[in-house]
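Have a look at the structure below, then the notes.
The values are calculated or read from the model by the stated rules, or taken from the named source; none is laboratory data. This one's a predicted model, so the numbers in the text were calculated from it and none came from an experiment. In this analysis, Cβ positions are derived from the backbone assuming ideal geometry, glycine residues included, and neighbour counts consider all displayed protein chains. For the accessible areas, the whole protein counts, side chains as well, though only heavy atoms, and no ligand, DNA or RNA atoms are used. Shrake-Rupley method; radii C 1.70, N 1.55, O 1.52, S 1.80 Å.
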2 protein chains.
Amino acid sequence: MRVLVIGANGKVGKHIVFKLKKFDHEPVAMVRSTEQIPQFEEEGVATVLGNLEKDFESAFYNVDAVIFAAGSGPDTGADKTILIDQEGAIKSVERAKHFGVQRFVMLSSMAADRPESGPSGMKHYLYAKHRADEYLKQSGLNYTIVRPGGLTNNEGTGRVKLQEHMNNFGEIPREDVAETLVYLLSVPKAENKSYDLISGDQPIRELLV
Amino acid sequence: MRVLVIGANGKVGKHIVFKLKKFDHEPVAMVRSTEQIPQFEEEGVATVLGNLEKDFESAFYNVDAVIFAAGSGPDTGADKTILIDQEGAIKSVERAKHFGVQRFVMLSSMAADRPESGPSGMKHYLYAKHRADEYLKQSGLNYTIVRPGGLTNNEGTGRVKLQEHMNNFGEIPREDVAETLVYLLSVPKAENKSYDLISGDQPIRELLV
């Protein structure tokens with residue numbers, strides 16, 4: 001599949017792009033600025049320029065699936081949480097629908113399905129992610145939503161725990177999150193489902209089989 | 001009608017409470033703290049304590065209609081824009097539905113129906129208001145959404161311009177906004193409609209007749 005990665009320059013996004021190649025998909029890395037292009041082109045990855053706060057329609061041309069992995073990050077204000085994490089995601093869903101892209105995989109966040117339970121400093125972020133996830137669920141697109149626990153930069157282990165709902169939070173390397181998202185892209189059982197995800201014992205390639 | 005005013009202690013909210021009395025409705029002023037109670041009780045207005053970020057379920061008991069006029073204001077961060085303006089409104093719609101309250105009047109903001117057109121510093125706010133308005137529209141409640149132009153503290157004139165869509169922005173005294181919201185509460189033609197509102201020539205009490 002030709003897969004548009006929104007937020008390709010992010011920490012999870014980069015892993016997603018290269019995992020897509022590994023799984024024999026054709027990634028298209030959406031990046032915000034020209035300086036972000038060479039790192040992908042040098043590895044033979046197609047790129048497309050797009051800005052979630054402005055225009056990124058052309059990115060959806062000839063795409064079979066979308067993985068949304070963009071986020072405004074911890075160094076910007078909550079205004080960007082609305083404009084990127086919430087509205088950027090909602091616009092991506094709208095565009096995917098408009099362009100007939102069927103498959104949409106969303107990188108969400110642990111507790112985005114129950115934002116009221118989050119720590120007070122995180123609540124606004126969790127509500128923003130929640131609204132985006134709800135929008136996707138009601139869009140009619142064939143979706144998979146993944147809510148990982150605390151992200152680390154540790155090397156991936158290839159083993160995780162994936163469940164529709166977990167009570168115990170945990171951590172997970174970004175690399176394992178990326179591999180799980182890419183794997184689930186082609187798993188029929190994951191269609192129109194939402195999952196919590198942390199590190200665990202199960203090999204990613206045996207999930208939901 | 002017994003009308004719950006959410007955000008009764010706000011600048012528009014206070015006008016709404018006293019306009020409701022003037023129109024022979026029975027206002028219930030929802031306030032966040034006990035210090036906000038006397039100003040209403042001294043005028044014979046019932047109050048109920050409720051916090052949009054915590055619990056306010058009890059406020060909906062025995063209520064015929066809701067006017068949502070709460071806002072986090074310009075002195076707080078965008079995290080509060082999410083938690084109050086967006087999520088407080090969405091929760092209010094959910095609660096109104098849950099408690100069988102039929103009529104819901106929303107104080108929105110000019111350009112909340114086209115947030116992408118707003119000035120860059122306002123966009124996150126307009127998107128938050130937009131999401132709340134969209135949630136209300138799809139709730140099944142009998143709604144009226146009013147998007148006033150720039151709010152002033154000038155005395156009300158009793159005359160406005162109300163249209164489903166306006167191209168030219170303008171100002172309007174908070175008192176006139178409040179009177180329009182209260183008036184539209186009982187106007188069948190305003191049910192399930194959204195309007196822009198600025199100062200104008202038409203007497204409020206002749207709108208939509």
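Details
- Enumeration of residues in the range A:122-164 that are of a type in the set (F, W, Y) and within 18 Å of B:Y135 (Cβ to Cβ): A:Y127, A:Y135
- Verdict on A:Y143 being in contact with an Asp or Glu (Cβ under 8 Å, 6 or more places away or on another chain), more than 23 Å from A:P173 (Cβ to Cβ), more than 14 Å from chain B (Cβ to nearest Cβ) and among the hydroxyl-bearing types (S, T, Y): yes
- Given (1) out of contact with any strand residue (DSSP E or B) (no Cβ under 8 Å at 6 or more places or on another chain); (2) at pLDDT below 95, number of the condition B:F169 does not satisfy: (1)
- Within the range B:167-186, the residues that satisfy the criterion of being in contact (Cβ under 8 Å) with a residue 40 or more places away in the chain and either in a loop (DSSP other than H, G, I, E, B) or surrounded by fewer than 17 Cβ atoms within 10 Å (Cβ to Cβ) (or both) are B:F169, B:L185, B:S186.
- Of the residues B:D64, B:D75, the single one that is more than 11 Å from chain A (Cβ to nearest Cβ), open to solvent by 20 Å² or more (accessible area, probe 1.4 Å), in contact (Cβ under 8 Å) with a residue 60 or more places away in the chain and not β-branched (V, I, T) is B:D64.
- Scanning the range B:92-100 for any residue that is in contact with a strand residue (DSSP E or B) (Cβ under 7 Å, 6 or more places away or on another chain), surrounded by fewer than 20 Cβ atoms within 10 Å (Cβ to Cβ), away from chain A (no Cβ under 14 Å) and within 13 Å of B:R2 (Cβ to Cβ) turns up nothing.
Residue by residue, here is whether (1) over 30 Å from B:P119 (Cβ atoms); (2) modelled with pLDDT under 95 holds:
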position: A:H25; (1), (2): yes, no
position: A:A29; (1), (2): yes, no
position: A:Q36; (1), (2): no, no
position: A:E41; (1), (2): yes, no
position: A:L52; (1), (2): no, no
position: A:E57; (1), (2): no, yes
position: A:Y61; (1), (2): yes, yes
position: A:A65; (1), (2): yes, no
position: A:A70; (1), (2): no, no
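- Picking from residues in the range B:195-209 that are touching a helix residue (DSSP H, G or I) at 6+ places or on another chain (Cβ under 7 Å) and not in a helix (DSSP H, G or I), the one that is farthest from B:Y135 (Cα to Cα) is B:S199.
- Residues in the range A:122-140 that are without any contact (Cβ under 8 Å) to a residue 12 or more places away in the chain and either in a loop (DSSP other than H, G, I, E, B) or away from chain B (no Cβ under 13 Å) (or both): A:Q138 only.
Quick grid of which residues meet (1) within 18 Å of A:V12 (Cβ to Cβ); (2) crowded, with 16+ Cβ neighbours inside 10 Å; (3) out of contact with any Lys or Arg (no Cβ under 6 Å at 6 or more places or on another chain); (4) among the hydroxyl-bearing types (S, T, Y):
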site	(1), (2), (3), (4)
A:Y135	no, yes, yes, yes
A:V146	yes, yes, yes, no
A:L151	yes, yes, no, no
A:G156	yes, yes, yes, no
A:V160	yes, yes, yes, no
A:H165	no, no, yes, no
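- The residues in the range A:99-119 that are among the acidic types (D, E) and within 18 Å of the chain's Cα centre (by Cα) can be counted, and the count is 1.
- Of the residues contained in the range B:84-91, none is found to be within 10 Å of another protein chain (Cβ to nearest Cβ), among the polar types (S, T, N, Q) and open to solvent by 10 Å² or more (accessible area, probe 1.4 Å).
- Checked against (1) under 19 Å from B:M30 (Cα atoms); (2) touching a His at 6+ places or on another chain (Cβ under 7 Å), B:D79 meets all criteria but (1).
- Flag for B:L181 being within 17 Å of the chain's Cα centre (by Cα), more than 24 Å from B:V3 (Cα to Cα) and either modelled with pLDDT under 95 or aliphatic (A, V, I, L, M) (or both): no
- Filter result for B:I145 (within 22 Å of B:P27 (Cβ to Cβ) and either modelled with pLDDT under 95 or in a strand (DSSP E or B) (or both)): yes
- Selected residue (criterion: farthest from the other protein chains (Cβ to nearest Cβ)) from residues of the range A:104-121 that are surrounded by fewer than 21 Cβ atoms within 10 Å (Cβ to Cβ) and in a helix (DSSP H, G or I): A:S117
- Conditions (1) open to solvent by 20 Å² or more (accessible area, probe 1.4 Å); (2) without any contact (Cβ under 8 Å) to a residue 40 or more places away in the chain; (3) small (G, A, S): number failed by B:G10: (2)
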